[in-house]
Structures are given as C-alpha cells and as structure tokens.
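Student: There's a structure below that I have some questions on.
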Amino acid sequence: VSAIPEPVARYDIALASPVDAMLARLSVDRPVWRINWGISNHPALFQPDIPPHTPDMDPYQMWLRIEWQTLRRLPVTGAILFGIRTHVQQLGDFADRDAQLVHDFADLVRQLPDDVAAYKSIAPYRRAIFDRLAAV
C-alpha cells in the first residue's frame, strides 16, 4: 500500500505501518470509515492537481473540503474498495458556525507541521486563514 499514497506527507514515517495493519484486519462484515479535510482555493469536488496559488485571495473565499472515506473488503475477491464522498463549504460560511469550533479549527491550521500544510495545499495561505478564523 505504501506506493499508492506517495504524495501524502509523513505517510512513510507515521502512517504506513498502522494503515497496513488496519487493511490486513479489514473484514467483509466490518467496513471502516474515516474523515479527511483540506482547504482549497477552488470548489471543484475532484481535484487531481493542486489549483494554482492565488496569493491575494481572501481566506473567506476559500473552500473547506471534508472527505468521508470508506474502505470495504469485497467478499469474493478479497480486494478492498475505497470510496470518497467530498463536501465543500466556503470558509466564510464555516466562520458563521459556533465560535469555539471555528477557533479550534484555526488552531489546528496554525499547528500543522509545515510538510503537512504543504501537502494539504494550505501552506501559502495558512497565516491568512488562521488570522481570519481566530478573529471570529
């Protein structure tokens, strides 16, 4: 599996072993799900490439992307099916939520390691995103 998520930051040092173990234990009758998030300057659900950097973009015009991911072992072949459902919401709309949730998310953005922020395509925007959300 390590070859599949090649561009994932810290995969080899932090995730490869636990992911391999989880996939080995995955059974037909017990699918698993996980949530992944990111921030993008474009609302497209399918983004195989990182959209070009827009340095002057207002963070509230950016998009919070939440992916609900499921993994299911198929009964006949034993193969694993990976599905993704992506939801997007403009950060300006997200900022209208509960202030504590918005502040917690701002802290998460601020505390991301640099390589993870780069992988999530938010490194160039991180300070502006934090400043706007922390001010809520």
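The values are calculated or read from the model by the stated rules, or taken from the named source; none is laboratory data. None of these values were measured; they are calculated from a predicted model. Here Cβ is always computed from backbone atoms with ideal geometry, including for glycine, and neighbour counts include all displayed protein chains. Just the protein is used for accessible areas: all its heavy atoms, side chains included, with ligands, DNA and RNA removed. Shrake-Rupley method; radii C 1.70, N 1.55, O 1.52, S 1.80 Å.
Student: Which residue pairs have Cβ atoms closer than 8 Å, lie 6 or more positions apart in sequence or on different chains, and pair a first residue in the range 11-30 that is modelled with pLDDT of 90 or more with a second residue that is part of a loop (DSSP other than H, G, I, E, B) and open to solvent by less than 70 Å² (accessible area, probe 1.4 Å)?
Tutor: So the pair list comes out as 28/74.
Student: In this structure, is residue 103 touching a residue at least 12 places away in the same chain (Cβ under 8 Å) and either assigned to a loop (DSSP other than H, G, I, E, B) or basic (Lys, Arg) (or both)?
Tutor: no
Student: Just to be sure I understand, how many residues within the range 73-100 are farther than 21 Å from residue 42 by Cα and either open to solvent by less than 40 Å² (accessible area, probe 1.4 Å) or touching a residue at least 12 places away in the same chain (Cβ under 8 Å) (or both)?
Tutor: Going through the range 73-100 one residue at a time, the tally reaches 8.
Student: Moving to a separate point now. Filter the range 113-125 down to the residues that are hydrophobic (A, V, I, L, M, F, W, C) and either open to solvent by 50 Å² or more (accessible area, probe 1.4 Å) or modelled with pLDDT of 95 or more (or both) and list them by number.
Tutor: Restricting attention to the range 113-125, the residues satisfying the condition of being hydrophobic (A, V, I, L, M, F, W, C) are 116-118, 122-123.
Once the filter is applied, which keeps residues that are hydrophobic (A, V, I, L, M, F, W, C) and either open to solvent by 50 Å² or more (accessible area, probe 1.4 Å) or modelled with pLDDT of 95 or more (or both), the range 113-125 yields only 118.
Student: Out of the range 106-136, which residues are among the aliphatic types (A, V, I, L, M) and assigned to a helix (DSSP H, G or I)? Steps first, answer last, please.
Tutor: Taking the range 106-136 as the starting set, the residues that turn out to be among the aliphatic types (A, V, I, L, M) are 106, 108-109, 112, 116-118, 122-123, 128-129, 133-136.
Residues satisfying the conditions are 106, 108, 109, 116, 117, 118, 123, 128, 129, 133, 134.
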